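The values are calculated or read from the model by the stated rules, or taken from the named source; none is laboratory data. Every value quoted in this text rests on a predicted model; they were computed, and no experiment measured them. Counting neighbours? That spans all protein chains shown, and the Cβs are built from the backbone with ideal geometry, glycine included.
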């Protein structure tokens, strides 16, 4: 069972159409905050930034491509922050509003809560590993009441044999409930 906290961020699980892909966006070479693979991100002044707690967000960060100061093309699974002199910067984001993601909660989530909503754990949004490049963002285990707006809607639970509703650190399947391109829908 998922009795261990081992977050992996906001990992794309599937798209209802079967077609899923990351799209390209601009990111500023001077943006100093690291963004790890599978971190929730938002568009701010048409540039990719780390998402913020209880705010609209765009999708899950998939990586970045750029040309470094020596002229070498680079592909990385995370943005290390402030790459002075880098050019041709492209951030890749899983941004489709219908994408279903998997994310580990920072606590137990009970069964039968499909359609209810949760926020990201505020302390984990920007966390991750510089050695692996992977996010350790988590969902908050506090489910909001019906009629309240949160950042993610619960679709289901990860159906792996090592996970179940009510586990100490439940792995959920969620969709974006506060997408920057779509009207928000409240918890049911």
Residue set 42, 3, 29, 91; condition at pLDDT 95 or above, in a loop (DSSP other than H, G, I, E, B), on the phi < 0 side of the Ramachandran plot and out of contact with any helix residue (DSSP H, G or I) (no Cβ under 8 Å at 6 or more places or on another chain); output residue 29
Subset of the stretch 114-133, residues surrounded by 18 or more Cβ atoms within 10 Å (Cβ to Cβ) and farther than 12 Å from residue 52 by Cα, comes to 116, 117, 118, 128, 133
Over the stretch 151-176, the set of residues crowded, with 22+ Cβ neighbours inside 10 Å and part of a loop (DSSP other than H, G, I, E, B) is 151, 170
Note to self: Against the definition (modelled with pLDDT of 95 or more, crowded, with 18+ Cβ neighbours inside 10 Å, more than 15 Å from the chain's Cα centre (by Cα) and not in a loop (DSSP other than H, G, I, E, B)), how does residue 66 come out, yes or no?
What the structure shows: yes
Inspect all residues belonging to the stretch 95-106 and state whether any of them is more than 28 Å from residue 19 (Cβ to Cβ), in contact (Cβ under 8 Å) with a residue 12 or more places away in the chain and either surrounded by fewer than 14 Cβ atoms within 10 Å (Cβ to Cβ) or out of contact with any strand residue (DSSP E or B) (no Cβ under 6 Å at 6 or more places or on another chain) (or both). yes
Worksheet item: Does any residue of the stretch 45-53 turn out to be in contact (Cβ under 8 Å) with a residue 24 or more places away in the chain, surrounded by fewer than 22 Cβ atoms within 10 Å (Cβ to Cβ), outside any strand (DSSP E or B) and under 17 Å from the mean Cα position of the chain (by Cα)?
Response: yes
**OP:** Check whether at least one residue in the stretch 134-150 is part of a loop (DSSP other than H, G, I, E, B), exposed (fewer than 13 other Cβ atoms within 10 Å of the Cβ) and without any contact (Cβ under 8 Å) to a residue 24 or more places away in the chain, and report yes or no.
**Re:** no
